[in-house]
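Student: Following this message is one structure expressed as structure tokens.
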Amino acid sequence: MTQVLPGSARPAGGLAARPGVIDVRAERAARRRRVVATCRAYLALTKPRIVELLLVTTVPAMILAAGGLPPLGLVAATLVGGSLAAGSANALNCYLDRDIDAVMRRTIARPLARHAVSPLSALVFGVGLAVLSIATMWLFFVVIFFWTPPHFWALAMRFRDDYARAGVPMLPVVATPTAVAHRIVAYAWLTVATSLLLWPLVTSWVYGAAALAAGAWFLAAAHGLLARVRRGVEPRALRLFRLSNSYLALLFVAVAVDALVR
């Protein structure tokens with residue numbers, strides 16, 4: 001496919017290339033190559049091999065510290081946040097060492113040394129990754145913070161008498177079942193809403209689709225508990241307690257899968 005610029009003659013038979021004629025397909029292919037090359041240059045700034053080493057050594061250390069398998073959510077949060085933080089540090093290192101890299105044979109192929117990325121762009125990229133890593137870690141924290149109340153309140157609803165005998169003032173001990181159910185629903189919504197904030201920040205549609213599906217499942221169970229409490233029937237609180245565990249596990253498995261497929 002060719003495009004003829006105004007004032008230029010059309011190629012005879014549509015075959016011969018002439019001045020002023022642009023091959024649109026070739027231009028598009030060239031643009032794609034430039035985009036891919038730029039993406040690779042920014043990826044190279046993060047020094048993926050070093051980040052890979054960080055990930056390989058982090059998980060065994062966490063298993064050793066926990067004396068077994070640590071919670072999946074904690075592992076996922078550590079790996080994602082750690083990868084972003086390490087990538088930021090490496091990009092900023094490339095920015096600071098750009099003058100040295102340009103004269104050393106070992107480093108002359110780095111993005112800044114070969115002018116594939118400007119120094120200002122590398123600096124902005126490194127600082128942006130640092131901000132993103134902090135925001136991501138905080139988001140993981142907030143998700144778990146909002147998830148904890150409905151998780152344990154559902155358990156306490158099932159074992160209310162045990163907590164009352166022990167003198168533990170869990171919410172189901174000091175509030176009506178309806179009030180507890182309303183709060184469970186409210187915190188379930190906060191949990192799901194917060195989990196979806198990770199989608200535009202650091203994840204792709206893979207995590208987004210999983211978070212939406214798992215969140216809908218969690219919310220349906222929370223609203224079902226409220227509906228049963230209003231009807232005065234068995235609320236099946238233990239079912240919600242177990243489902244909340246599965247919800248959190250699915251959420252962080254989605255984080256890990258998303259990171260692998262991107």
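Readers should treat all values here as calculations from the given coordinates under stated rules, not as data from a laboratory. Remember, predicted model here, so these are calculated numbers, not experimental data. Positions of Cβ are generated from backbone atoms using ideal geometry, with glycine treated the same way; all protein chains shown enter the neighbour counts.
Student: How much net charge surrounds THR46 when only the other residues with a Cβ under 13 Å from the Cβ of THR46 are counted, with Lys and Arg +1 and Asp and Glu -1?
Tutor: +3
Student: Fewest to most neighbouring Cβ within 10 Å: what's the order for TRP138, TRP147, TRP189?
Tutor: Sorted ascending by nearby Cβ count, the order is TRP138, TRP189, TRP147.
Student: How far is helix 24-45 tilted, in degrees, relative to the longest principal axis of the Cα atoms in the chain, given as a value from 0 to 90 rounded to the nearest 10?
Tutor: 60
Student: Which net charge results when you count Lys and Arg as +1 and Asp and Glu as -1 among the other residues whose beta-carbon is under 11 Å from that of ARG236?
Tutor: Summing Lys and Arg as +1 and Asp and Glu as -1 gives +3.
Student: Within 14 Å, Cβ to Cβ, of LEU171, how many net charges do the neighbouring residues add up to if Lys/Arg are +1 and Asp/Glu are -1?
Tutor: +3
Student: If packing is taken as the average number of other Cβ atoms within 10 Å across a peptide's residues, how do 196-209, 82-95 rank, most packed first?
Tutor: Output ranking for 196-209, 82-95: 82-95, 196-209.
Student: With a Förster radius of 22 Å, plug the Cβ-Cβ distance of PHE141 and ALA213 into 1/(1 + (r/R0)^6) and report the FRET value to the nearest 0.05. Mind dumping the intermediate values first?
Tutor: Working: r = 23 Å, r/R0 = 1.05.
Efficiency, from the Cβ-Cβ distance: 0.45.
Student: Could I ask something else about it? Going by average Cβ neighbours within 10 Å, how do the peptides 168-178, 63-73 rank, with the highest at the top?
Tutor: Going from most to least packed, we get 168-178, 63-73.
Student: Using alpha-carbon positions, what is the distance between the centroids of the stretch 182-252 and the stretch 64-94, in Å?
Tutor: 25
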